[in-house]
Amino acid sequence: MRWTEPRLIAGPAVMLACAIFSTIFLSGAPAEKHLAVYSVAANYSVAIVQHDGRDYVGLLEVLEPLGTVSARIESGGRWRLRYNNIEGNFQAGKSRARVLGRDADLGEKFLLHNDRGLVPVAALGSLLPRFLGGPVTLHEASARLFIGSVGTHFTASLAAQNPPRLVFNFSAPVNPTIATETGSLRMTFTREPLVAPASPMLTFGNKTISSANYSENNGAAIITVNTSVAVLASFSNNGKTITIAPVAVVSAANEPNTPPASVASNTATTAPPATPAPAPAPPVPAARRYFAVVDASHGGDDHGETLSATLLEKDVTVALARSLRQELESRGITTLVLRDSDANVSLDQRAIFANADHAAIYIALHAASSGHGVRVYSALLPYGEDDRGPFLSWTTAQRTSRPLSQTAASAVAGELQKRQIPVRALAAPLRPLNNVIGPAIAVEIAPQGSDVSQLIAPDYQQLITSAVATAIAATRDQLGAAP
């Protein structure tokens, strides 16, 4: 329910007018910068106001699309904001606020102008989780804000053919603005929560399409493809696939009655074919073999543990999986995140995917509100389940790889101990570990103290995933020799 006291903050139209006026008042010129906000509820942008060289945004405008929010002015320059049932108190000119009765450091002073409360953009990453109760990731330099696990990921592969085709596959439909110029094609994503790959520069070792570069700027993500010839982009798979190819190839593909002029042949022919040959279908890129498969447990209808009133295990494990992938790939370990969205994946499917990929190690990630630190599990096999002839028992598929799994679990536990993180190494009949043919471990993360929100703190996640990645890298040679 919105408050109705005098000086209540008005609706969106008045706020827009206030935003324009405040921008002119504070910076002397119309705002050109915007903060892009991505969430499950909505994707939107909020104008950025500059004051004394710092970027500010209206806190009410950031929260309004996400829930029931209201604010009011009180005496002495105090500004009270209520989001759902959570209240925050701010003081004009002060760099500290109180949310849920606890201090919050804003870094810079809070501004109040025309009843509009302005907070530093840099403070949003730590301030918003107090109101929203879930993970928030701020890309301050590019003015992009991610609320929850909403990122759209992508892969890029160059089809091994002449002329080449560069295929981008996205985890969700995209609709970028595309611009071409000499030597490059640029895709600008202003509405999609696109996130960076492990390396911002992708090189393909091809003279026609040599590389692609990921960057972010002013609320947008940009992929620039560097080429030596003119190229065009085509969409397929309901907007989840974009193919970049030389103009001649795209034109030929769009004109089935014309053979592709860019495909040469060294074989002499005595007569032309009776009917023109159709344009060849692009070959499917060879499947990439990943060294590590990282599995975010639960997902979809399976929420896992309810860690708090607003925090589910399935959301924490996705964030951990993405962090671990980045840590592993920064160490040169190719990594596949098995569940990279809020999808239903059964335990049998997880094992089947891991076994089909023949990865050197499978790492399942869990989160818990009880206990302290980290628990690292290897499989505990049931008694009396034997293989039958050439067929492996599904419940004991892990048998031959269990010693290596224990080696990996011990290495992870040892690395965590070095970083003074409480850790226990255990064996448990935990599916799908028993069903995975190769080395397999499960890592369950709990907070070090009683504050469950530590599970979504980027520094705590990075501390643990860095330790796991370091341990896997140290045992790479042993794991790589696994059957």
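FYI, it's all coordinate maths here, none of it is from the lab. Note that the structure is a prediction, hence the values are computed from the model and not measured. A quick note on method: Cβ atoms are made from the backbone with ideal geometry, for glycine too, and the neighbour counts reach across all protein chains shown.
Assorted remarks:
- Gyration tensor (alpha-carbon) shape descriptor, segment 93-205, a/c threshold 1.5: prolate
- Annotation: lysines with alpha-carbon distance below 23 angstrom to K94 (same-chain offsets under eight excluded): K109.
- Peptide packing for 231-239, 205-213 was compared via the average number of neighbouring C-beta atoms within 10 Å per residue; ordered from the highest value, the list is 205-213, 231-239.
- Summing +1 for each Lys or Arg and -1 for each Asp or Glu among the other residues whose beta-carbon sits under 10 angstrom from that of N43 gives 0.
- The relative contact order of segment 140-184, computed from alpha carbon pairs under 8 Å that lie at least 6 residues apart in sequence, is 28 percent.
- Taking 29 Å as the straight-line reach from the Cα of K418, the lysines in range (excluding those fewer than 8 positions away in the same chain) are K314.
- Coordinate range of the alpha-carbon atoms in segment 292-480 per principal axis, descending: 51, 36, 29 Å.
- Converting phi to 3J(HN,Hα) with the Karplus coefficients 6.51, -1.76 and 1.60 and the offset θ = phi - 60°, segment 358-368 yields 6, 5, 6, 7, 10, 10, 8, 10, 10, 9, 9 Hz in sequence order, with x at every glycine or proline.
- Among 172-183, 82-93, 361-372, 61-72, the order from most to least packed when residues are scored by Cβ within 10 Å on average: 361-372, 61-72, 82-93, 172-183
- Dividing the radius of gyration of the alpha carbons in segment 154-254 by their Kirkwood radius gives 0.93 for Rg/Rh.
- Span from the segment 421-483 Cα centroid across to the segment 157-210 one, whole angstrom: 33
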